[in-house]
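**Q** Take a look at the following structure, please.
The values are calculated or read from the model by the stated rules, or taken from the named source; none is laboratory data. Because the structure is predicted, anything quoted here is derived from the model rather than measured. Backbone-built Cβ (ideal geometry, glycine too); neighbour counts: all protein chains shown.
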Amino acid sequence: MWQEARVALTRSENMSRIRSADTEPELIVRRALTAAGLRYRLHQKTPGGKADLVMPSQKFALFIDGCFWHGCPEHYVHPRSNWPFWDAKLRENVDRDRRQTKALVSEGWKFLRVWEHEVREAPLKVVERIQKQLDGARRAKAGWRVVFVRPEGEGSTLERRLHEDLADAAKQLTTVRQRVTAKKGRVAKGVVSHLSVPAAKKSGGGISNDAKQRGRVA
Ligand SMILES: [Zn+2]
């Protein structure tokens, strides 16, 4: 079932380079913040690592998570080659995001993690959410991350996707849906034929209910 790692790493190397540059979603947010009269610094160190945008005096950090690199439930597409490499990459990124999030919480920082697609779809809403956090609103929920993907059998267009809650790795969710082929940034319409949430999460599951209502993972 698992394919051999046969694709040269040039593709991933190229993608790594893209990651380190100022991305288009970052530029969109920066323009919107400047227009709103908010001042910020870029790529500064915060507890747990660097953030994309920081307001040091207010102890606020913003992360703009790329839909591919950070396992967006709507848009993550596992490359259909070199499975072990991409599995490890995704796991590493989600684990890092989780460590960083925990470090910020324990150091009493305010922060917001937004998806690249949210920035592209509604940058002003992102600015509103930043403003709310600065004004002392309750911390936004961390949300789901795709952490593992496999086809539902040889040649199937269905994929089984394992999600984890960024705030709590023990909260997991499995979906089976059509492989997403929509272009980056577009909202994909996956067909879910199976959904399982661990029983313990159903009662108190603010996050999973949220996710269902938004139709993003369910
Ligand atoms: Zn996305």
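**Q** Pull out all pairs, ordered by first then second residue, where Cβ-Cβ is under 9 Å, the residues are six or more apart or on different chains, the first lies in segment 104-120 and is on the phi < 0 side of the Ramachandran plot and of a type in the set (V, I, T), and the second is in a strand (DSSP E or B) and near the ligand (Cβ under 10 Å from one of its atoms).
**A** Within 9 Å, the pairs are V114/D65.
**Q** I'd like to verify a number: residues in segment 126-141 that are within 15 Å of the ligand (Cβ to nearest atom) and at pLDDT below 95, how many? Working first, answer last.
**A** If we filter segment 126-141 for residues that are within 15 Å of the ligand (Cβ to nearest atom), which is where we start, we get 126.
Then keep just the ones that are at pLDDT below 95; that gives none.
Within segment 126-141, residues that are within 15 Å of the ligand (Cβ to nearest atom) and at pLDDT below 95 number 0.
**Q** Report yes if R177 is under 29 Å from G108 (Cα atoms), crowded, with 17+ Cβ neighbours inside 10 Å, in contact with a Gly (Cβ under 6 Å, 6 or more places away or on another chain) and modelled with pLDDT of 50 or more, otherwise no.
**A** On the way: under 29 Å from G108 (Cα atoms): no; crowded, with 17+ Cβ neighbours inside 10 Å: yes; in contact with a Gly (Cβ under 6 Å, 6 or more places away or on another chain): yes; modelled with pLDDT of 50 or more: yes.
So R177 does not fit the description; no.
**Q** On to the next question. For a quick check of your reading of the model, give me the residue pairs whose first member lies in segment 21-34 and is modelled with pLDDT under 95, whose second is exposed (fewer than 12 other Cβ atoms within 10 Å of the Cβ), with beta-carbon atoms closer than 7 Å and at least 6 apart or on different chains.
**A** Pairs that qualify, where the first residue is modelled with pLDDT under 95 and the partner is exposed (fewer than 12 other Cβ atoms within 10 Å of the Cβ), are A32/L124.
**Q** Additional query: Run down R98, R138 and say which single residue is closer than 22 Å to A167 by Cβ, of a type outside the set (F, W, Y) and free of Cβ contacts under 8 Å to residues at least 60 places away in the same chain. Break it down stepwise before answering.
**A** Values: R98 fails: free of Cβ contacts under 8 Å to residues at least 60 places away in the same chain.
Every option except R138 fails the conditions.
**Q** Provide a single number: the residues in segment 116-143 that are closer than 17 Å to R31 by Cβ and either among the acidic types (D, E) or surrounded by fewer than 21 Cβ atoms within 10 Å (Cβ to Cβ) (or both). Talk me through it step by step, then tell me what you get.
**A** First pass over segment 116-143, keeping only residues closer than 17 Å to R31 by Cβ: 116, 118-131.
Narrowing the set further to residues that are either among the acidic types (D, E) or surrounded by fewer than 21 Cβ atoms within 10 Å (Cβ to Cβ) (or both) leaves 116, 118, 120-125, 127-129, 131.
Within segment 116-143, residues that are closer than 17 Å to R31 by Cβ and either among the acidic types (D, E) or surrounded by fewer than 21 Cβ atoms within 10 Å (Cβ to Cβ) (or both) number 12.
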